[in-house]
Amino acid sequence: MPAWYDILDLSHPRAVNWDTVDDSAKAIQEILLAETAPTVVLAGFSQGAAMALHVGLGHASRVHGILMMSGYLLESEERPCPSATEARPIGLFHGTEDSMVPLAAAERTVEALTKAGHRPTLKPYAGMEHSVCDEEVRDVFAWLCGLP
């Protein structure tokens, strides 16, 4: 199945093949460089959310916000969560019944981001699995419209 990167096991934090993460990050960075808008919001679902956060934390000047749906922080002992260099909105939206990426992974992401000086927000959805619901779509729209 096509993916942003290879997952080596389903632990949290995820054990991943960092070479494949770096390849995808480079591709996203090339798109950012080609984008003419002065600022962008990076968004994604699951692995796409993990990549949005991974790339977004490294591009403070261009990324105005990071939106994550059912995602998590990519980190390891060798690659800890980057420290905040400037404030930017980071919104996490996650189902409480997600068996693919448990809510605990989103909560761990919030803890790691907060510890690194970021100010993320987390909105859980009761009963939602690894999917998107109407309420979440409305909340995502409101979050995007509320960006400074």
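Residues in the stretch 112-148 that are assigned to a helix (DSSP H, G or I) and of a type in the set (Phe, Trp, Tyr): 2 in all.
Flag: ASP134 does not match the condition of being over 16 Å from LEU57 (Cβ atoms), of a type outside the set (Gly, Ala, Ser), in contact with an Asp or Glu (Cβ under 7 Å, 6 or more places away or on another chain) and without any contact (Cβ under 8 Å) to a residue 60 or more places away in the chain.
Of the residues contained in the stretch 126-147, none is found to be surrounded by 13 or more Cβ atoms within 10 Å (Cβ to Cβ), out of contact with any Lys or Arg (no Cβ under 9 Å at 6 or more places or on another chain) and of a type in the set (Lys, Arg).
Scanning the stretch 70-82 turns up no residue that is touching a His at 6+ places or on another chain (Cβ under 7 Å), part of a helix (DSSP H, G or I) and not β-branched (Val, Ile, Thr).
Only a single criterion out of (1) assigned to a helix (DSSP H, G or I); (2) of a type outside the set (Phe, Trp, Tyr); (3) under 11 Å from the mean Cα position of the chain (by Cα); (4) surrounded by fewer than 23 Cβ atoms within 10 Å (Cβ to Cβ) is not satisfied by THR109, namely (4).
Search the stretch 68-77 for residues being touching a residue at least 40 places away in the same chain (Cβ under 8 Å) and either out of contact with any helix residue (DSSP H, G or I) (no Cβ under 7 Å at 6 or more places or on another chain) or of a type in the set (Ser, Thr, Tyr) (or both), and hand back the single one that is nearest to HIS94 (Cα to Cα). First the steps, then the outcome.
Applying the first criterion (touching a residue at least 40 places away in the same chain (Cβ under 8 Å)) to the stretch 68-77 yields 68-70, 72-76.
Still in the list and also either out of contact with any helix residue (DSSP H, G or I) (no Cβ under 7 Å at 6 or more places or on another chain) or of a type in the set (Ser, Thr, Tyr) (or both): 70, 72, 76.
On the way: SER70: 5, TYR72: 10, SER76: 22 Å.
Checked the stretch 68-77; the qualifying residue nearest to HIS94 (Cα to Cα) is SER70.
Scanning the stretch 12-30 for residues that are in contact with an Asp or Glu (Cβ under 9 Å, 6 or more places away or on another chain) and part of a helix (DSSP H, G or I), we see that the one that is nearest to GLY58 (Cα to Cα) is VAL21. Determine whether the stretch 25-46 contains at least one residue that is surrounded by 16 or more Cβ atoms within 10 Å (Cβ to Cβ) and in contact with a Phe, Trp or Tyr (Cβ under 7 Å, 6 or more places away or on another chain). No, the stretch 25-46 contains no residue that is surrounded by 16 or more Cβ atoms within 10 Å (Cβ to Cβ) and in contact with a Phe, Trp or Tyr (Cβ under 7 Å, 6 or more places away or on another chain).
Read-outs throughout are calculated quantities, based only on the coordinates presented, and are distinct from any laboratory measurement. Since the structure is predicted, the reported quantities are computational estimates derived from the model, not experimental observations. Because the Cβ atoms are built from the backbone with ideal geometry, glycine has one as well, and the counts that use them run over all protein chains shown.
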